[in-house]
Ligand code: 8YV
C-alpha cells in the first residue's frame, strides 16, 4: 500500500511522475473545495510536498494529524511555521546544496546585466537607435565593493564568483564567519553605506522582514545597486520603489518580490530596474536535481533512513 502524500502546489513534470510512481498523491491545488477536501482526506496524509516559494500554512497542517514530513522543492522555509512543525515533530527536508550555484550565477548575472545596461543595449540595437547615436554609458563592475547580506552557502558562492571580478567583499550576517579576505560589517547600515553593489542572499525569516528599509536605502551611496535573489520579504517594497523613483540609489535588479507573482506596475516605468520572475534556480539541470532531491528526501523518510536535506 502506497503512502499518501499531499502536494500543495504544482511542481515540474518529472517530479509529478516520480511522486505518482511511489505514492498516492493528493493534489490540493486541483481541489475547488480545499476545506472540504482536507476534512475528508486530511487524516490520511502522511507527508506534504510543497515549493519553497509557496510553503504550507499552519491551518492546513492542523488538518493533517498524521503528517510527519514536509518535503520542500527549494531551500526557503520562510513560508512554513517552523515553530509549529517543531512542536508537532514534523520533519522538514529541503533540496540542500543543489541550487547554490544557480542562485549565485544569477546574482552575478543580474549585477552585471543591470549595471552594464544589457536590457537597454539590446533594445538600443533592435530599435535601430544605434544607427543614429551612441548608447549611454554604464557602471563599471570589476574592482568595486560588493556587499553581501547573508553569508550562508549562497552568499559564499556569490563571494567566490565576485573574487574573479577583483571585487572587495564585505558582508553582514547574524554570525561572523571564518571567511578570510571578506570584511564583516557589524550592522546592515554600515554594510549598505560601503557597498557599490549590495546583494541580498539571506534566507527570509520573521526577524528580517522589511530590513532593507528607507533608512538602509538612504545609507547606500547614490550610485549603488541593490540585487535581490533571496526573498521579497526582506525589502520594504514601497520604500524601494520610492528610492528608485527618486534616484536615492543607482538602481536595482530583482528576482523576488513581496507578493509574487504580483509586481507593482510602478516598477515597469523605471529604467534603473531589471526584473526577473523568480528564476534563480530555474535551469533544466538544477530543477532536475531539485526534483531528485525531493524524491530522495521523501524516500528516506518513508524508509526510516536519515533524510539528506533535513533541517529540522
Ligand atoms: C524556487 C526558492 O523558485 O529555493 C527556494 O526557496 O524560492 C526557489 O528555489 C521555488 O522553491 C520553486 O518554485
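The values are calculated or read from the model by the stated rules, or taken from the named source; none is laboratory data. Note that the coordinates shown come from a computational prediction; the quantities given were computed from them, not determined experimentally. Positions of Cβ are backbone-derived with ideal geometry, glycine not excepted, and every protein chain shown enters the neighbour counts.
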Check: So which residues in region 97-118 are surrounded by fewer than 20 Cβ atoms within 10 Å (Cβ to Cβ), within 29 Å of residue 75 (Cα to Cα) and away from the ligand (no atom under 16 Å from the Cβ), if there are any at all?
Finding: 112, 113
Next item on the list: Among the candidates 56, 11, single out the residue that is in contact (Cβ under 8 Å) with a residue 60 or more places away in the chain, within 28 Å of residue 258 (Cβ to Cβ), touching a strand residue (DSSP E or B) at 6+ places or on another chain (Cβ under 6 Å) and surrounded by 14 or more Cβ atoms within 10 Å (Cβ to Cβ).
Entry: 11
Check: How many of the residues making up region 182-209 are over 25 Å from residue 258 (Cβ atoms), loosely packed, with under 14 Cβ neighbours inside 10 Å and touching a strand residue (DSSP E or B) at 6+ places or on another chain (Cβ under 7 Å)?
Finding: 0
Notebook entry, point to check: Going through region 52-65 one residue at a time, which ones are within 17 Å of the chain's Cα centre (by Cα) and away from the ligand (no atom under 11 Å from the Cβ)?
Noted result: 56
Item checked: Enumeration of residues in region 235-264 that are within 16 Å of the ligand (Cβ to nearest atom) and either surrounded by 18 or more Cβ atoms within 10 Å (Cβ to Cβ) or part of a loop (DSSP other than H, G, I, E, B) (or both) -> 235, 254, 255, 256, 257, 258, 260, 261, 263
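Matching residues to (1) touching a residue at least 40 places away in the same chain (Cβ under 8 Å); (2) not in a loop (DSSP other than H, G, I, E, B):
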{"position": "157", "(1), (2)": "yes, yes"}
{"position": "166", "(1), (2)": "no, no"}
{"position": "169", "(1), (2)": "no, yes"}
{"position": "178", "(1), (2)": "no, no"}
{"position": "198", "(1), (2)": "yes, yes"}
{"position": "204", "(1), (2)": "yes, no"}
{"position": "207", "(1), (2)": "no, yes"}
Margin query: Of the conditions (1) touching a residue at least 60 places away in the same chain (Cβ under 8 Å); (2) touching a strand residue (DSSP E or B) at 6+ places or on another chain (Cβ under 9 Å); (3) over 30 Å from residue 222 (Cβ atoms), residue 114 satisfies every one except a single condition; which number is it?
Written below: (3)
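What number of residues in region 277-312 are in a loop (DSSP other than H, G, I, E, B) and touching a strand residue (DSSP E or B) at 6+ places or on another chain (Cβ under 8 Å)? Steps first, please.
Step one: of region 277-312, the residues in a loop (DSSP other than H, G, I, E, B) are 277-283, 303-309, 311-312.
Adding the requirement that they be touching a strand residue (DSSP E or B) at 6+ places or on another chain (Cβ under 8 Å) leaves 307-309, 311-312.
Selection size over region 277-312: 5.
If only one of 68, 76, 93, 89 is on the phi > 0 side of the Ramachandran plot and either within 16 Å of the ligand (Cβ to nearest atom) or in the same structural domain as residue 10 (by TED's automatic domain parsing) (or both), which one is it? It would help to see each step written out before you state the result.
Working: 68 fails: on the phi > 0 side of the Ramachandran plot; 76 fails: on the phi > 0 side of the Ramachandran plot; 93 fails: on the phi > 0 side of the Ramachandran plot.
Step by step, each of 68, 76, 93, 89 is checked, and only 89 is on the phi > 0 side of the Ramachandran plot and either within 16 Å of the ligand (Cβ to nearest atom) or in the same structural domain as residue 10 (by TED's automatic domain parsing) (or both).
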